[in-house]
Amino acid sequence: MDLGIAGRRAAVAGASRGLGFGVAAALAAEGARVVICGRDPDALAASAQRIGAVPVVADVSTAAGATEFVESATEALGGLDILVPNAGGPPPGDFAHTSVDQHLEAFELSCRSTIAMCHAAVPAMQAQKWGRVVAITSIAVRQPIPHLILSNTARAGLTGFLRTLAREVAADGVTVNSLLPGLHATERLRALGADGPEAAMGIPAGRLGRADDFGAVAAFLCSEAASYVTGVALQVDGGAYGGLL
C-alpha cells in the first residue's frame, strides 16, 4: 500500500533507538525525508546512517530543547509536514515515595516537551493546510501502570492536550493522534527490568512488541489514507488492554 508520503518532511524525536527509531525507519522506508534526534552523538549518527536520516543532537526533555529540535529539523528540511514527539519516560515510583517536585519534572519531560514541539511545528502545518502529529505516549493513559505514577499522570495530561489540539486544527488539514505502546522489546523495558520471558504472559499476541510493529502503525497515521483520523489515542499492545473503551 502506497501511503502517499514520499517526499514529506518528518521530524522524529528520541529516535536514535527504541520505538522512536522504529517510527523513523518506517517513515524513511515510505520515502519521507526524516530528521531524527538523540542525546548520544555516536548512537544517533549510526542510527541515522542505517535509515538515511539527518541526525540532530538534541535533548527534548525540556521545552527549550524540544523547540530547538523542531526548529533545527525545519531548517534542515525546508519545512515540516510530519512531527512525531517522543521523549524518555520519568523514573518509576509510587505515591508514598514520589515527591511533589518530581511530578513537575515528569510534566516537563513527558508533557510540556511535546506541547513545545507542537507549538513550534503546528502553525506552519496549518498555514500549508497539511500536517500530521503522531505523539508517542503510553498505554498508561488508559490503564495506569503500577509503580509508574509519574508517567501515568504526565502522559494522561498530555493526552488531554492532544485531543484538544486535534479538534482545533482539523479544519486546516492537520491531524493529531497519539500511539499508546504496551510492552515492546526496547531499552526502556529492559531498564525497568520487565523484559523477561514472563513479560509476554498477559499479552494475547503471545509476545512482546517490536519497534517495527509500532513504526508501521505510526506511518499509517501519517499517511494520506488516514486524513480523516484525528483525535485518536490508539493502543499498540498486542491486545493486552482489556477495557471496552
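Laboratory data are not the source of any read-out in this text; all were calculated from the coordinates shown. Here the structure is a predicted model, which is why all the values come from computation and not from measurement. In this analysis, Cβ positions are derived from the backbone assuming ideal geometry, glycine residues included, and neighbour counts consider all displayed protein chains.
Listed values for segment 6-21 are Karplus-derived 3J(HN,Hα) couplings in whole Hz (6.51 cos²θ - 1.76 cosθ + 1.60, θ = phi - 60°), namely 4, x, 5, 9, 10, 10, 10, 7, x, 10, 6, 7, x, 5, x, 5, and x replaces Gly and Pro. A cut-off of 5 Å between modelled amide H atoms, ignoring neighbours fewer than 5 places along the same chain, links S178 with A135, V232, A233, L234. If the chain linking L245 and A43 were pulled fully straight, counting 0.36 nm for each residue of separation and taking away their Cα-Cα distance, it would gain 68.9 nm.
Annotation: amide H-H contacts under 5 Å for V34 (H modelled 1.01 Å from N, sequence separation of 5 or more, or interchain): A10, V54. Backbone amide hydrogens, once placed in the peptide plane, bring H184 within less than 5 Å of G209, excluding anything fewer than 5 places away on its chain.
Whole-Hz Karplus values for segment 216-222 come out as 5, 5, 4, 4, 4, 5, 8 Hz, taken residue by residue from phi with 6.51 cos²θ - 1.76 cosθ + 1.60 and θ = phi - 60°; glycine and proline positions read x.
Applying the Karplus relation 6.51 cos²θ - 1.76 cosθ + 1.60 with θ = phi - 60° to segment 49-61 yields 3J(HN,Hα) values of 5, 4, 10, x, 9, 9, x, 10, 6, 7, 10, 8, 7 Hz, where x marks Gly and Pro. Shape class of the chain from the Cα gyration tensor (axes a ≥ b ≥ c, square roots of the eigenvalues): rounded, since a/c falls below 1.5.
Summed over qualifying helices (DSSP H, 4 residues or more, each -39500 (n - 2.57)) and divided by its residue number, the chain shows a 222 nm mean residue ellipticity of -12500 deg cm²/dmol.
Ordering of 232-242, 31-41 by packing is 31-41, 232-242, highest average first (other Cβ atoms within 10 Å, averaged per residue). Distance between the pseudo-spin-label points of R207 and A64 (7 Å out from Cα toward the beta carbon): 4.4 nm.
From the Cα gyration tensor of segment 115-245, with a ≥ b ≥ c the square roots of its eigenvalues, which class applies: rounded if a/c is under 1.5, or else prolate if a/b is larger than b/c, or else oblate? Here segment 115-245 falls in the prolate category. As a proxy for reagent exposure, C222, C118 were ordered by neighbouring Cβ count within 10 angstrom, fewest first; the result is C118, C222.
Peptides 62-71, 99-108, 79-88 ranked from most to least packed by the mean count of surrounding Cβ atoms within 10 Å: 79-88, 62-71, 99-108.
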